[in-house]
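Student: Before anything else, here's the structure in question.
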Amino acid sequence: MGAATLSAGGGDDSAAQPAPLKLPAMRSTHRPLPNAGSVSYQLKIFSGRANRPLAESVAHFLGQPLGQMELYNFSDGENYCQIKENVRGGDVFVIQPSCQPVNDNLMELLLMIDAFKRSSAQRITAVIPYYGYARQDRKDKPRVPISAKLAADLLTAAGAHRVLCVDLHVPQIQGFFDIPVDHLFAAPLFVSSISKLNLPDLTMVSPDAGGVERARAYAKRLGAQLAILDKRREKANESEVLHVIGDVHGRSCFIVDDMVDTAGTLVKAAEALKKAGAREVYASATHAVLSGPAVERIQNSVLSRVFVTDSIPLTEEKRAGGKIERLSVAPLIGEAIKRIHEESSVSSLFV
């Protein structure tokens, strides 16, 4: 028999314990982020071609220059990008809404993210003020894709570490990502503008059942009443308003939506409210897609004014009629970027 191991106190053999098994130290493959104050963790702001004026405003808010990139298309339409400065170890934020042309802008964003990844950026945040394909968020018909999920997978596969977006079509899209998502709300901008109008007997209106939560939040902050429009959509970009749920007679109505595309729904909603006796009708939409006859429809409608943001570029031609008023989300995005870089709370912006 082998010699017994004695305890430290010199007791008998029965009290002896086997020597503990020593495992080799395991090395973590996760690369922790350095402190925000370190030189290697420098904040860097870049922009694609989708909405450079917004990116410039964000950079100005942060007191940062926009990063240098070369972006162009080959003769066959293929995108090309090259980062023209060192980003190794940097905290990179690339601003690019996937607005029209949606596919080109989304592809350009994916290529920029891949370029930053291959240039050893420490962290890459895709700042997407307008998230294209968000309306295709479920299988509402047989044999259709869930495009919002596919776009999320592409961004993750390209190398994004996190996403920063504004007013997603539905909040559940955050769950399509396997990386952190910071979801900003343009509500503070609109609430401030609505308050300045001093509208008497204000009623906030949801254009459909899906937007009730948004309209209710506005109504709560403004001390207003709530109404809902019941509509039936026969096909994409076309809808029919059936009736108004709630009392709007003699009241100032404000329709709250996340986007305005062809403006068909918005204009019909305003007409339904007027027929129900509304005194005047205003509206807000975070994302001014404004495709097709949207601007003409708004100008010829009963709407008094429509508030939008610059999450999507808005040309002077589209604003020429005077009914569309633009608010900037640059300070909101800039403050969120600052807080993410400093590892502080983003949700406290809305508390």
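The values are calculated or read from the model by the stated rules, or taken from the named source; none is laboratory data. Because the structure is a prediction, the values reported are computed rather than measured. In this analysis, Cβ positions are derived from the backbone assuming ideal geometry, glycine residues included, and neighbour counts consider all displayed protein chains. Heads up: the accessible areas ignore ligands, DNA and RNA and are worked out on the full protein's heavy atoms, side chains in. Shrake-Rupley method; radii C 1.70, N 1.55, O 1.52, S 1.80 Å.
Student: Express in nm, to one decimal, how much length is gained between residue 146 and residue 193 on full extension, taking 0.36 nm for each residue of separation and deducting their alpha carbon distance.
Tutor: Contour length minus the Cα-Cα distance gives 13.4 nm.
Student: If you don't mind, there's one more thing I want to ask. Please give me the summed charge of the neighbours of residue 214: other residues whose Cβ is under 9 Å from its Cβ, Lys and Arg +1, Asp and Glu -1.
Tutor: -3
Student: Taking θ = phi - 60°, what integer Hz values does the Karplus form 6.51 cos²θ - 1.76 cosθ + 1.60 yield along segment 103-113, in sequence order, with x for Gly and Pro?
Tutor: Result, ordered by residue: 5, 5, 5, 5, 5, 4, 4, 4, 5, 5, 4 Hz.
Student: Shifting gears a bit: To one decimal place, what orientation-averaged projected area in nm² is obtained for the convex hull of the Cα set of segment 141-206?
Tutor: Seen from a random direction, the Cα hull of segment 141-206 projects 6.7 nm² on average.
Student: Ignoring ligands, DNA and RNA, what percent of the 1.4 Å accessible area of segment 309-351 is carbon and sulfur?
Tutor: 51 percent
Student: Note down, for segment 32-133, the three equivalent ellipsoid semi-axes (square root of 5 times each alpha carbon gyration tensor eigenvalue), biggest first, whole angstrom.
Tutor: Details: eigenvalues 108, 46, 29 Å².
Listed largest to smallest, the semi-axes of segment 32-133 are 23, 15, 12 Å.
Student: Might you tell me the accessible area per residue for segment 107-224, computed with a 1.4 Å probe and given in Å²?
Tutor: Result: 45 Å² of accessible area for each residue.
Student: Oh, and also: How long are the semi-axes of the equivalent ellipsoid of segment 88-167, taking √(5λ) for every eigenvalue λ of the Cα gyration tensor, in whole Å from largest down?
Tutor: 25, 12, 11
Student: Right, something else. Add +1 for every Lys or Arg and -1 for every Asp or Glu among the other residues with Cβ under 9 Å from the Cβ of residue 61, and state the total.
Tutor: 0
Student: On to the next question. For q = 0.21 Å⁻¹, what log10 I(q)/I(0) does segment 199-351 give under the Debye formula with an equal point scatterer on each alpha carbon and no solvent?
Tutor: -1.32
Student: Amide H to amide H, which residues 5 or more places from residue 69 or on other chains are under 5 Å from it, using H placed in the peptide plane?
Tutor: 84
Student: Using only Cα atoms, what Kirkwood radius does segment 55-190 have, in angstroms?
Tutor: 15.8 Å
Student: To the nearest 10 Å², what's residue 182's accessible area with a 1.4 Å probe?
Tutor: Probe radius 1.4 Å; accessible area of residue 182 about 30 Å².
Student: Give me the one-decimal nm value for the distance between modelled label points at residue 317 and residue 291, 7 Å along each residue's Cα-to-Cβ direction.
Tutor: 1.7 nm
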